[in-house]
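Encoded as structure tokens, the structure appears first; notes follow it.
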Amino acid sequence: MQFTIARAVAGAASFALLASVAVTGAAPAAADESRSNRVLVVLADFEDVHHAEAGTDKAGIAQWYFGVDDSLQSYYRAVSRGRLSYVPAVPDKVIGPLTLPWHANCDPRAVRQEIERQLPQRGLAKGKDYDSLSIVLPRTPCAWAGLGQVGGPVSWLKAPKGRVGLTAVAHEFGHNLGLPHQPRRVCAGGDLGACGAPAEMGRKSPMGGGGSSLGLSATQLIHAGWLASGEHVRVTASGTFALRPLYGSDKGVRALEVPLGKDRLVLEYRRPEGTLDGRLNGVYAYRVSGDSYRSATPVSASAGDRDSAVTTLHDTAAKLTVTVGAVDADKATVTVTVDGVTAPTGTATAPAVEVPSASPTMSAAAIPVPDPDGGDEPETPTM
């Protein structure tokens, strides 16, 4: 669903759902780059509302979190290229239901506090036995389908019919990684000096309402520290550059950063890779303010088509132009003119410097972030 930032902020913080996929041909991360996050999934019942068939629900929900395909585990293993794996914290994968001693309501903080009070009684201590807590609720009167702490370890999902869905669970764990929603800016005709305020979701990632066929964007991968050495470079002078598919297997540049006054522009090339990025095909741009890659906004040249790729971008004040040339399965060619200087011919000596990878910073408070419309885009069950 489309929604404005004003509506998202009106509820105190923006709520949303995630979408996801799995499978990428990109090379796996080295062993010393990988880490596991132990997820404790807890079914919770209210006094008056229960999971209809807890045993069946637990088995099905475990698949959405830890299944070989179409799961939280497979999605983040794919987009991180093996750097992050969500694993069950307990052998049963899903525990409960634990009973909340009140009637169904929409108070996630109270739910978390009560579940965390009961867990030590079952011998489960935060940090010692699990890293993330995901609470699965039955039918509730709440408008949201899922909540996630931005930069925190807790998520809340609803499973009114015994399923949470990959869209919801992956999105909320994206919030846990520190990622907010991803609305887009429309820069009419590609004029970077005439961009509107962030508006409806950008549809370039699950955090932008893009549905379950998309991976994370290049700026989100930068925030997470999931681009390898040499894959993120900064333009230092006019030149022509080759961008590799963001989720492809060939080595090369996957995020091209262009200075833009106090901001910067990050370019990526997206195309279908396995089951990832199924509907994207072209070069996409993101405007980054300061060093906040996590909050980068997709740039569109037209208000009509949120899926359209960019072909030309320009900023008169900065004397900057970006022109997308040939695009094929292996690469997209991008010519950047800096300070009005014509780019030399060829890509062999394109002037750029590698941007070192940094550990992500969780600058936002760990508060639950809900979906203002109850969902971004419906997902068809794949189980």
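What follows draws every value from the coordinates through simple rules; no lab data is involved. This one's a predicted model, so the numbers in the text were calculated from it and none came from an experiment. Don't worry about glycine lacking a Cβ; one is built from the backbone with ideal geometry, like all the others, and counts go over all protein chains shown.
Tabulated results
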{"quantity": "Among 134-142, 287-295, the order from most to least packed when residues are scored by Cβ within 10 Å on average", "calculated": "134-142, 287-295"}
{"quantity": "Stokes-Einstein D for the stretch 168-326, Kirkwood Rh over Cα pairs, 4 °C, 1.567 mPa s (µm²/s)", "calculated": "83 µm²/s"}
{"quantity": "Per residue, the convex hull volume that the Cα atoms of the stretch 236-302 enclose (Å³)", "calculated": "118 Å³"}
{"quantity": "Cα point-scatterer Debye curve for the stretch 89-135, base-10 log of I(q)/I(0) at q = 0.15, 0.29, 0.30, 0.32 Å⁻¹", "calculated": "-0.40, -1.32, -1.37, -1.48"}
{"quantity": "Semi-axes of the equivalent ellipsoid for the stretch 278-337, Cα gyration tensor, largest first, Å", "calculated": "19, 16, 13"}
{"quantity": "Residue-count net charge about residue 117 - beta-carbon cut-off 14 Å; Lys, Arg +1, Asp, Glu -1", "calculated": "+2"}
{"quantity": "Geometric extent, Cα atoms of the stretch 33-127 - Rg, Dmax (angstrom)", "calculated": "14.8, 46"}
{"quantity": "For the stretch 182-222: span of alpha carbons on each principal axis (Å, largest first)", "calculated": "31, 21, 15"}
